[in-house]
Amino acid sequence: MLEDRVADLLAFIDRSPSPYHAVAEAVRRLEATGFARLREEDAWRLEPGARCAVVRGDGSLIAFQIGSESPAEGGFRIVGAHTDSPNLRLKPRPDRAAQGYRQLAVEPYGSPLLHTWLDRDLSLAGRVTFRAPGDADRPALRTALVDFRRPLLRIPNLAIHLQRELKKDGFELNAQQHLPPVIGLDGAPALAELVASELRAAGTASVGPESLLGFDLMAYDVQPSCVAGARGEFILAPRLDNLASCHAALCALQDAAAAGVGRATRVVALYDHEEVGSRSAVGAAGPFLAEALERAVAGFKDGAPQGLARAVARSLLVSADMAHAVHPNYAEKHEPDHRPVVGGGPVIKVNANQSYASDAETVARFAALCADVGVQPQHFVARSDLGCGSTIGPITAARVGLRTVDVGNPMLSMHSCRELAGTADVAPMIDVLGAFLREDAA
């Protein structure tokens, strides 16, 4: 089972080079296990046991299984995670030329470790919007996913012979000047030509470059995810933060649904834009989850009086995002006695200043779930003299009013082009989240 879960995680990551591809892969998996796609513009009529999924903005997804009782009585069991990862994204007018090379203009998304993107075999993926063939007077606009799936770009390092000061002064990248990747030599096709050709090759649409009207495209490393280490202890992959948590949440929901219907309504919320603060129509600071929960209450047998507030009072959110494992070369960066290790199991994250939303009650609830499935949790708190990252946990808690615990699996190289996690941590997190989703409402 451990090997199966790890292999499935690697496959999920490799099929998800962008948040849009991650959601498309999640929908594919959910539909294969009986989840039906809902449209936001339709009225929802929900029966006990119904399995449903709704997508907003292509990069955010909410999937749920309705409980045997109205959410107003049974509450919600919610697992939240995010689909986006730090990377390099194309600017609106990306084509540029310099010194006989064709390049693409990019900007950092989130806070990537920029130096890790140098000398990597990069491709492009994301979504594009184009004018589709149709009525000559009013051609339709279509949006489609694109993934070139092959080495296309490279950001070359400057040779040491040309920067001898590197040994003395260290390395510093200027995001504007040093990041544009090379895509070819003079005469190489423009981006719009490449995209149109890719759409035709994939059988998506027969369009020319003039039909391309907009895009959200990002670079990614084409090296496949893999298992490494002397005994296969490590996962080496891009986007572990936070596709690993998305995968765990989806597996837990599918396992719980297969086990039958509980009293509570089980929910998985996967958000885009966490890495840039979540303030968007599809991010955790937006209304997507609150609206979906309200509609789940209203759509269950004609609703219930004051249903959403009653449901939230009976609910709990597990915010699942990756956690900082102690680094063997930088152990001093961790608070003593709060040094999670890769392979040591799920991490409960606490911050007194509410960068994490965990409190005594919610920490105890998660720790008890760990004990129920035979897992020993680890604990993380930042050093008092260092800042602390945040998650969707406190954002969602404040937006919806949910009691929340922040957790995650330990990892190294967070925000790198390729990250490191533990194979032994994959199945335990799925087991704990599955136990949570099967738990009756409080």
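Contour minus end-to-end for Glu361 and Ala258, with contour as 0.36 nm per residue of separation and end-to-end as the Cα-Cα distance?
The Glu361-Ala258 span can extend by a further 34.2 nm.
Multiply the residue gap between Asn329 and Arg39 by 0.36 nm, knock off their C-alpha separation, and tell me the result in nm, one decimal place.
99.4 nm
Take the alpha carbon atoms of region 276-347, find their center, do the same for region 235-274, and report the distance between the two centers in whole angstrom.
Spelled out, the Cα-based centre of one part sits 11 Å from the other.
Say each of Gln223 and His178 gets a label point 7 Å from the Cα, pointing the same way as Cα to Cβ; how far apart are those two points in nm?
With each label point 7 Å from Cα toward Cβ, the separation is 2.0 nm.
Near Gln306, within a Cβ-to-Cβ distance under 13 Å, what is the net charge of the other residues, with Lys and Arg +1 and Asp and Glu -1?
0
Val373 versus Ala309, label points 7 Å from Cα toward the beta carbon: distance in nm?
3.5
What whole-number distance in Å separates the alpha-carbon centres of region 360-389 and region 163-229?
39
If I take R0 = 45 Å and measure r between the Cβ atoms of Ala159 and Leu386 in this structure, what FRET efficiency does the formula 1/(1 + (r/R0)^6) give, to the nearest 0.05?
The computed FRET efficiency comes out at 0.80.
Using alpha carbon centroids, what distance separates region 1-27 and region 42-69, in Å?
Here the two parts' Cα centres lie 21 Å apart.
Sort out the exposed loop GluC sites (Glu not before Pro) in the chain (DSSP loop, at most 16 other Cβ within 10 Å) and tell me the longest stretch that has none.
The reported range is 234-442.
Kindly report, to the nearest 10 Å², the accessible surface of Lys301 as traced by a 1.4 Å probe over protein heavy atoms only.
110
Excluding residues fewer than 8 places away in the same chain, name every one of the lysines whose C-alpha is closer than 25 Å to that of Lys168.
List returned: Lys333.
Take the alpha carbon atoms of region 140-258, find their radius of gyration, then divide it by 2.2 N^0.38 Å using N residues; give the quotient.
Region 140-258 yields a ratio of 1.50.
Find, to one decimal place in angstroms, the Kirkwood hydrodynamic radius of the chain, where the mean of 1/r is taken over every pair of different Cα atoms and then inverted.
Hydrodynamic radius (Kirkwood, Cα pairs) of the chain is 22.9 Å.
What value, in deg cm²/dmol to 500, does the helix sum -39500 (n - 2.57) over DSSP H runs of n ≥ 4 give at 222 nm once divided by the residues of the chain?
Taking each H run of at least 4 residues, the total per residue is -8000 deg cm²/dmol.
Please list, by residue number, every one of the chymotrypsin sites (Phe, Trp or Tyr not before Pro) in region 18-86 that is coil in DSSP and has at most 10 other beta-carbon atoms within 10 Å.
For chymotrypsin sites (Phe, Trp or Tyr not before Pro) across region 18-86 that sit outside H, G, I, E and B with at most 10 neighbouring Cβ atoms in 10 Å, the list is empty.
Relative contact order for region 295-436: what is it in percent, counting Cα pairs under 8 Å that are at least 6 residues apart?
Normalised by residue count, the contact order of region 295-436 is 34 percent.
Bin width 5 Å, origin at 0, all Cα-Cα pairs of region 121-187: what percent of pairs per bin?
3, 12, 13, 14, 13, 12, 10, 8, 5, 3, 3, 2, 1
As a test, work out the antiparallel percent of DSSP beta bridges whose residues both lie in the chain, rounded to the nearest 5.
70
Give the span of region 222-265's Cα atoms along each principal axis, as three whole-Å numbers ordered largest to smallest.
Cα extents, longest axis first: 44, 23, 13 Å.
The values are calculated or read from the model by the stated rules, or taken from the named source; none is laboratory data. All of these numbers come straight from a predicted model, not from anything done at the bench. Here Cβ is always computed from backbone atoms with ideal geometry, including for glycine, and neighbour counts include all displayed protein chains. SASA here: full protein model, heavy atoms, side chains in, ligands and nucleic acids out. Shrake-Rupley method; radii C 1.70, N 1.55, O 1.52, S 1.80 Å.
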